[in-house]
Amino acid sequence: MVGMLAAMSTAPHPSSSQATAVSRDGGDACPGALRLHAADDGALARVRIPGGVLTVRQATSLGDAARRLGDGELHLTSRGNVQLRGLRPACGAELAGLLEPAGLLPSPAHERVRNVVASPLSGLDGHGVRDVRPWLTALDAALCASTAAVTLSGRFLFALDDGRGDVAALGADVTVRATAGGAALLTLGGAREALRVSGEDAPRAALLAAEVFLEISRASGSGAWRVDELPVPVAELTAAVERALTRAGVGCAPAARDTGEAEGPAPGPVGSALCVHAPFGRFTAGQWRELTRAAAAFPPGELRLTPWRGVVVPAPDAEPDRAASVLARLAAAGLVTDAGSPWPRVGACTGRPGCAPSRADVRADAARALTAVGRTPLPVYWSGCERRCGHPRGDHVDVVAAPGGGYRVTTAVRGRDPRGTLLDDPSGFAAALARTLP
Ligand code: SF4
């Protein structure tokens, strides 16, 4: 790798295309399963679930951990990972003792860097051009075997897209997207240019790209955690990755990025799967138990957590009546199974009472304003402060609690000037939306 650095142009320089370049001289405090974060409602653990894929046994272990050590609930993140909240202080060893036997901690040193999203309906609904599961398995194994990867930030993200463009739209640091004909496009951050590699080489190429990122981050002195933070043009990073792949014997060639995008799964039956949405990504103990039971009813007994706060349950060969009765049970437990529900378009950060900086109980306010969401096709995201944790990328309605009370509502649509207004009370959300929508 040192040779690679000598061969490439590593002289760091500011770039206008890298407006978010930052210098990171503090440690990465991103929480993990072994590094708990102190929140206002107790300790918080974030368990990485590559591709969101859980066996029934793993899902049961997570539910046990939440019930025994935390507040009983499970919270999905915008990367399809699971957070446990309200944990007892110093329960880390006990938590590890529950997760490890279920295979949820395959490499403790890598537990915070296994951030991989994958198209959740891959292989289940006839869309996409390949099943990304073999890529997911291979990339996770390669990550856990890489000494260099241990130093990735807990925020660095890989996306494995089966060609439909759902997780490719999530702004990952390394995106691998399947193309018709068996190849794959490898893209770094928001680069316009991609590298075409064979489908077989795709997982190895993704890891190599991350290792090149680490080398450049170190050489630049920026300590960047994410590709778009590097003080180096992303085209230069892409060129360095191309050289590294070539040296490693991985064939690659420059190609245009595929910019087509698709939304995540809608609730209800989809192909050979049942899809549900959890408002704000929060599952009560009872809902999680019901979901685990549903997964156990169909081979292979699996759940796929989505980056859109939902869950896909593979249900191959399920008779329509059986699928309907399982979905009815999940709906009775309070999960969203109706494709017409506004819930999948509404998100909110943790807010009060779990997060100290929050100026409001944003989830309660978002729920009060739910019916007005039908007035816009855009996602609506509520935040308790300007950090906007977990907010969606792309066009959306941004609702942020204001310092003096109430909210600032802004419609952010690409190519248009943002339009904002003030909202005193969530009951006036429909009128506020009408003032900001294009
Ligand atoms: S956006 Fe602010 S209030 Fe919301 S979770 Fe993040 S830090 Fe807390």
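Our coupling estimate for segment 283-293, obtained by passing each phi through the Karplus curve with A = 6.51, B = -1.76, C = 1.60 and θ = phi - 60°, is 10, 6, 4, x, 5, 5, 4, 5, 5, 5, 5 Hz, Gly and Pro reported as x. Which of rounded, prolate, oblate describes segment 388-438, given a ≥ b ≥ c as roots of the alpha-carbon gyration tensor eigenvalues and a/c under 1.5 marking rounded, otherwise prolate only if a/b is larger than b/c? Judged from the Cα gyration tensor, segment 388-438 comes out oblate (a/c at least 1.5, b/c at or above a/b). Sorting 288, 343, 308 by accessible area puts them as 308, 343, 288; the probe is 1.4 Å, largest comes first, and only protein heavy atoms count.
Applied to segment 119-130, the Karplus parametrisation 6.51 cos²θ - 1.76 cosθ + 1.60 on θ = phi - 60° returns per-residue 3J(HN,Hα) values of 3, x, 9, 3, x, 10, 10, x, 9, x, 10, 7 Hz, with x for Gly and Pro.
I need the trypsin sites (Lys or Arg not before Pro) found in segment 104-185, filtered to DSSP loop residues with at most 15 other beta carbons within 10 Å of theirs.
Qualifying residues, ordered by number: 155.
Report the residues of segment 30-54 in range of a label on residue 155: point 7 Å along Cα→C-beta, backbone N strictly under 14 Å from it. Only 30-31 fall inside the zone, counting backbone N under 14 Å. Specify the inter-centroid distance of segment 293-311 and segment 180-244, based on alpha-carbon positions, in whole Å. Centre-to-centre distance over Cα atoms comes out at 31 Å.
Distance from the Cα centroid of segment 48-112 to that of segment 379-438 is 33 Å (rounded to whole angstrom). If a/c stays under 1.5 just call it rounded; otherwise compare a/b with b/c (prolate if a/b is bigger, oblate if not). Do that for segment 204-248, with a ≥ b ≥ c from the square roots of the Cα gyration tensor eigenvalues. It comes out prolate by the Cα gyration axes. A cut-off under 14 angstrom between Cβ atoms defines the neighbours of residue 60, and their net charge, with Lys, Arg +1 and Asp, Glu -1, is +2. Note on residue 207: accessible area approximately 20 square angstrom, rounded to 10, probe 1.4 Å, nucleic acids and ligands left out.
For residue 70, the amide hydrogen comes within under 5 Å of no other amide hydrogen, counting only partners 5 or more places away or on other chains and with H modelled in the peptide plane.
Shape class for the chain: rounded, because the ratio a/c of the largest to smallest gyration tensor axis (alpha-carbon atoms, square roots of eigenvalues) is under 1.5. Only helices enter this figure: runs of n ≥ 4 DSSP H residues, each worth -39500 (n - 2.57), summed and divided by the residues of the chain, yield -8000 deg cm²/dmol at 222 nm to the nearest 500. Converting phi to 3J(HN,Hα) with the Karplus coefficients 6.51, -1.76 and 1.60 and the offset θ = phi - 60°, segment 246-254 yields 4, 4, 7, x, 9, x, 7, 8, x Hz in sequence order, with x at every glycine or proline.
Ranked by solvent-accessible area (1.4 Å probe, protein heavy atoms only, all chains present), the residues 365, 321, 166 order from largest to smallest as 321, 365, 166.
Applying both filters, DSSP loop and at most 15 other Cβ atoms within 10 Å, to the trypsin sites (Lys or Arg not before Pro) of segment 331-421 gives 387, 388, 393, 414, 416.
The values are calculated or read from the model by the stated rules, or taken from the named source; none is laboratory data. From a predicted model like this one, the values you see are computed outputs, not experimental measurements. No Cβ is skipped: glycine too gets one built from the backbone with ideal geometry, and neighbour counts run over all protein chains shown. For accessibility, only protein heavy atoms count, side chains too; no ligands or nucleic acids. Shrake-Rupley method; radii C 1.70, N 1.55, O 1.52, S 1.80 Å.
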